[in-house]
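Reading through the structure tokens given below for one structure.
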Amino acid sequence: MDDGEMGDVRNGMYGVTLSSDAAIQSRAADILGRRRFAERMAATIRDRVGEESVVIALMGPWGCGKTSIKNMVIESLAEDPDTKPHVVEFEPWLWRNQEDLTAAFFREVGIALGREDAAGDGEARAAKWNRYAANFAVGATALKALAGFATFASTGDPVLAATVVAAGKLGDVADPMKKGSEALAAQAAGAKKTLAEQRTELRASLLELERPVLVVMDDLDRLTASEIPLIFQLVKANANFPNIVYLLLFQRESVERSLDSVAPGGGNYAGREYLEKIVQVPFDVPLAPKGTLHDAIGRGLTDALGPELDRRVENDRRWRNLLGTRLLDYFENLRDVRRFLNAFSFTVGMFRGEGDSFEVNPMDLLALEVIRFFEPDVYARLPIMKRRLLEPKGDYTYTKQEEEVVRADMRALLESATPRHRDSLREMLKDLFPAGAWSFHEDKQPYWLGSVATREALRELHACHPAFFDRYFHLAVPQDDLPQADLNRLLAATGDGDRLLGILRELARRGVLPVALDRFASYADEINLDDSWNVVSVLLSLDPELIRSKSDMMHFDSRDATVASFIKDLLLRDEDVQRRSKLLRRALEEAETLWLPCYAAHWDERDEEALKRRSEFVMTEDDVAAALRACADRIRTAGETGDLERHPMLAALLYRWRAWGDAREMQSYVNRLVETELGLIRFLTAWVSVSHESNSSDRISHPKKFVNLTSVGEFIAVDSLAEKVRVLIANPPTDGFGTDGQEAAALFLDTLARGNGGSDS
């Protein structure tokens, strides 16, 4: 069955449209404006009924709606009970094998002829048809006894010759015809009339039909290349009877190619010319109006995406570009629309989270699903080309030779697409992956490669962000990633500090807090300014252990910068400098943790480098100076209570104490600390760092731990410290070093022995 015009069923939470692959049954369901066309076809069929048979063809590409038009034609013909035809829906591709086709054809037409009419002679007319048909069962048997078809085909009866040739080529039809038509054969055996006499008698009987017979053959292009010519030979052989109309539905190109091999004379257009001799009235399916297809896609997307569509696409430039000039080029008929929406609705369901959360950007998902559906070869290569698509062209990213390789890869990617859609595909890929747009011969850098654009990509779940690329192809959120539902919970809790902190601690237990902070920070522009105090105070209360892995504790980390940048972006929206300055100063002074308040305060410090990088600060100079002094006092107090030596950021905090507080107090603290066994171990451990190194033969880098003696020397004489370490190793504490302490002591002495100053090389 060819496709119809959107028979669909509703299913799912958001009324997802799952369309059946069924044609429409009536003109009332027509949405493509083809009703008038179908009615004109019906009128043509009525007008052509008479002394000669007629063959009408409805031609169009697969999925264009031929069956829907056929159903509307039959409905229109049925409106007048006096003229409505006896309809024979003969579908040759339903039959088990070629041998049944001829028998089935004659049987189905015979049944229609046997229906009683006002004259009551239907049964007699059917008997004449069956006697006529029985000749071809007998003929096929005789044919098998001959060396070939030529002798039989050279008889004086061209109709018999054509029909028997068709029957013979369909295979060994003798047995099937005997099994299904023994009565017919008996009637033929007892007949005393020649075939020509039988045909004349049958023609006379058919002329008396009050209503014609319409033989409909749908989806002829479903047949194999060898079966198609046989069906057309069968039609040709029986197309000279009155009151029998044939309506054939097929794709012109497929049928013409199949007929090329059997048409007399051969040649490139032999099949077309042969078809023209059989079909007297050809119709082509009208093109589907683009506006109607667009409306159908829009309705389907609304059903599939539900509230996500309204939330994401309002005034969205990318959405308008995608629907207006690129994506819609792929849809040529309603079958394309329906089949795509079925697949898209399923994929959308894979990304629905708790509540109304959605785990990917709907526009990116739509574009990638169009590529998957219509350009499967291109889609299959996208995950392999991840680096090519996500990395911008920088001065040191690619060599000239590598650039040419990347461009060649992108050309090959486009060449694997359907030729007429390559331009649309190129634009979609450039829009999806702007960082890789240069490889499509774009020299300029895309506008959104800066920090603002990166934050937008993170907030909007774009496929061009490394954090989300894989989930579009895995159709799932990785276990170590953050579901959108959790992010929605964070955003909903910004007005309640205790609730917000509880959610962050829960995410920390699940191991996804670092990811959550990155994502949460990307929404800084959307958080209510009145909630700033809650968010800032909660962020400053996070311990380093919550946002870092153990291996990160020895050095500065981008996650610290994420928190500090989040606070800055959140508060800089307040144009009242005094208000935002007092808020941050108060939050820094009241925070109960050490590291993040110090790090955030450092971000507002007016040193020479900061003044070069930034033109705007959150706090006034007086407030930031007071905040830095408060941080130094807190570090000193932590040194007195013993909390400082246990802190994972001990080394970094010593730097802050020296810079913002009393350097002599800090030095005195260090000297006292290394005099104790436990203090010495903790001090050494604080200076262990991790670097990653690789050589030309390595495909991945390898971690390497080291102690930077130059940095250690800023706080204590290295030689003096080395002597203490050697004594400690010679006389280990009764409760042992601990794994980290033993490793730190060994790294320190090893670095000292190598004499390289403790670099990571």
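Filtering the stretch 271-288 down to residues that are surrounded by fewer than 17 Cβ atoms within 10 Å (Cβ to Cβ) and not aliphatic (A, V, I, L, M), which residue is farthest from LYS70 (Cα to Cα)?
GLU273
With the condition kept exactly as written, say whether any residue in the stretch 212-219 is over 19 Å from GLU91 (Cβ atoms), assigned by TED's automatic domain parsing to the domain that holds VAL109 and at pLDDT 85 or above.
yes
Does at least one position in the stretch 32-54 carry a residue that is more than 28 Å from GLU256 (Cα to Cα), within 35 Å of the chain's Cα centre (by Cα), assigned to a loop (DSSP other than H, G, I, E, B) and of a type in the set (A, V, I, L, M, F, W, C)?
The answer is no, given that none of the residues of the stretch 32-54 is more than 28 Å from GLU256 (Cα to Cα), within 35 Å of the chain's Cα centre (by Cα), assigned to a loop (DSSP other than H, G, I, E, B) and of a type in the set (A, V, I, L, M, F, W, C).
Does the stretch 57-104 hold any residues that are in a helix (DSSP H, G or I) and touching a strand residue (DSSP E or B) at 6+ places or on another chain (Cβ under 8 Å), and which are they? Even if it seems obvious, please write down each step before you answer.
To start, the set of residues in the stretch 57-104 that are in a helix (DSSP H, G or I) comprises 66-77, 92-94, 99-104.
Of everything in the stretch 57-104, those that are in a helix (DSSP H, G or I) and touching a strand residue (DSSP E or B) at 6+ places or on another chain (Cβ under 8 Å) turn out to be LYS66, THR67, ILE69, LYS70, VAL73, ILE74, LEU77, PRO92.
Could you please find all residues in the stretch 36-60 being surrounded by fewer than 18 Cβ atoms within 10 Å (Cβ to Cβ) and free of Cβ contacts under 8 Å to residues at least 60 places away in the same chain?
Matches in the stretch 36-60: ARG36, GLU39, ARG40, ALA43, ARG46, ASP47.
Quick grid of which residues meet (1) within 35 Å of the chain's Cα centre (by Cα); (2) surrounded by fewer than 21 Cβ atoms within 10 Å (Cβ to Cβ); (3) at negative phi; (4) assigned by TED's automatic domain parsing to the domain that holds SER68:
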{"position": "GLU197", "(1), (2), (3), (4)": "no, yes, yes, yes"}
{"position": "ALA204", "(1), (2), (3), (4)": "no, yes, yes, yes"}
{"position": "LEU207", "(1), (2), (3), (4)": "no, yes, yes, yes"}
{"position": "ASN240", "(1), (2), (3), (4)": "no, yes, yes, yes"}
{"position": "TYR246", "(1), (2), (3), (4)": "no, no, yes, yes"}
{"position": "TYR269", "(1), (2), (3), (4)": "no, yes, yes, yes"}
{"position": "HIS294", "(1), (2), (3), (4)": "yes, yes, yes, no"}
{"position": "GLY298", "(1), (2), (3), (4)": "yes, yes, yes, no"}
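Would you point out which residue out of ARG372, ARG352 is surrounded by 15 or more Cβ atoms within 10 Å (Cβ to Cβ), touching a helix residue (DSSP H, G or I) at 6+ places or on another chain (Cβ under 6 Å) and not small (Gly, Ala, Ser)?
Selected residue: ARG372, the only one of ARG372, ARG352 that is surrounded by 15 or more Cβ atoms within 10 Å (Cβ to Cβ), touching a helix residue (DSSP H, G or I) at 6+ places or on another chain (Cβ under 6 Å) and not small (Gly, Ala, Ser).
Listed here are the residues, each with its yes/no results for (1) out of contact with any Ser or Thr (no Cβ under 9 Å at 6 or more places or on another chain); (2) farther than 30 Å from LEU328 by Cβ; (3) touching a residue at least 40 places away in the same chain (Cβ under 8 Å); (4) assigned to a strand (DSSP E or B).
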position: PRO264; (1), (2), (3), (4): yes, yes, no, no
position: ALA288; (1), (2), (3), (4): yes, no, yes, no
position: GLY291; (1), (2), (3), (4): yes, no, no, no
position: HIS294; (1), (2), (3), (4): yes, no, no, no
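Going by what's in this entry, would SER551 be described as surrounded by fewer than 20 Cβ atoms within 10 Å (Cβ to Cβ), outside any loop (DSSP other than H, G, I, E, B) and either modelled with pLDDT of 90 or more or not assigned by TED's automatic domain parsing to the domain that holds THR739 (or both)? Outline the logic, then answer.
Details: surrounded by fewer than 20 Cβ atoms within 10 Å (Cβ to Cβ): yes; outside any loop (DSSP other than H, G, I, E, B): yes; either modelled with pLDDT of 90 or more or not assigned by TED's automatic domain parsing to the domain that holds THR739 (or both): yes.
Yes; evaluated as a whole, the condition is true for this residue.
To keep it simple, each residue is scored yes or no on (1) of a type in the set (Val, Ile, Thr); (2) surrounded by 22 or more Cβ atoms within 10 Å (Cβ to Cβ).
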{"position": "ARG27", "(1), (2)": "no, no"}
{"position": "TRP62", "(1), (2)": "no, no"}
{"position": "GLY65", "(1), (2)": "no, yes"}
{"position": "VAL109", "(1), (2)": "yes, yes"}
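May I ask you to list the residues in the stretch 461-496 that are small (Gly, Ala, Ser), over 13 Å from PRO362 (Cα atoms) and assigned to a loop (DSSP other than H, G, I, E, B)?
Kept after step one, since they are small (Gly, Ala, Ser), are these residues of the stretch 461-496: 463, 467, 476, 485, 492-493, 495.
From what's left, over 13 Å from PRO362 (Cα atoms): 467, 476, 485, 492-493, 495.
Answer for the stretch 461-496, where residues must be small (Gly, Ala, Ser), over 13 Å from PRO362 (Cα atoms) and assigned to a loop (DSSP other than H, G, I, E, B): ALA467, ALA476, ALA493, GLY495.
State whether the residues of the stretch 306-320 include one that is among the aromatic types (Phe, Trp, Tyr), under 20 Å from the mean Cα position of the chain (by Cα) and either at pLDDT 90 or above or exposed (fewer than 15 other Cβ atoms within 10 Å of the Cβ) (or both).
Within the stretch 306-320, not a single residue is among the aromatic types (Phe, Trp, Tyr), under 20 Å from the mean Cα position of the chain (by Cα) and either at pLDDT 90 or above or exposed (fewer than 15 other Cβ atoms within 10 Å of the Cβ) (or both).
Can we say SER720 is modelled with pLDDT of 85 or more and loosely packed, with under 14 Cβ neighbours inside 10 Å?
Yes, satisfied.
Would you check which residues across the stretch 570-588 are over 16 Å from ASN534 (Cβ atoms) and crowded, with 17+ Cβ neighbours inside 10 Å and list them?
Passing the criteria: SER581, ARG585.
Condition check ((1) surrounded by fewer than 20 Cβ atoms within 10 Å (Cβ to Cβ); (2) modelled with pLDDT of 90 or more; (3) part of a loop (DSSP other than H, G, I, E, B); (4) not aromatic (Phe, Trp, Tyr)) across all residues:
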position: GLU402; (1), (2), (3), (4): yes, no, no, yes
position: ARG407; (1), (2), (3), (4): yes, no, no, yes
position: LEU414; (1), (2), (3), (4): yes, yes, no, yes
position: HIS421; (1), (2), (3), (4): yes, yes, no, yes
position: GLU427; (1), (2), (3), (4): yes, no, no, yes
position: ASP431; (1), (2), (3), (4): yes, no, no, yes
position: ALA435; (1), (2), (3), (4): no, no, no, yes
position: GLN445; (1), (2), (3), (4): yes, no, yes, yes
position: TRP448; (1), (2), (3), (4): yes, no, yes, no
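Read through the list (1) closer than 17 Å to ASP470 by Cα; (2) assigned to a helix (DSSP H, G or I), then give the number of the only condition that VAL360 fails.
(2)
Condition first: at pLDDT below 85 and outside any helix (DSSP H, G or I). Now tell me which residues in the stretch 450-460 satisfy that.
Within the stretch 450-460, just GLY450 meets the criteria.
Take LEU678 and tell me if it is modelled with pLDDT of 90 or more, crowded, with 17+ Cβ neighbours inside 10 Å and under 20 Å from ALA652 (Cα atoms).
It is false that LEU678 is modelled with pLDDT of 90 or more, crowded, with 17+ Cβ neighbours inside 10 Å and under 20 Å from ALA652 (Cα atoms).
Could you please tell me which pairs satisfy a Cβ distance under 9 Å, a separation of 6+ or placement on different chains, a first residue in the stretch 472-489 that is on the phi > 0 side of the Ramachandran plot, and a second residue that is in a helix (DSSP H, G or I) and surrounded by 15 or more Cβ atoms within 10 Å (Cβ to Cβ)?
LEU475/THR347
The values are calculated or read from the model by the stated rules, or taken from the named source; none is laboratory data. These numbers come from a predicted model, not from an experiment. Every residue, glycine among them, receives a Cβ derived from its backbone with ideal geometry; neighbour counts consider all protein chains shown.
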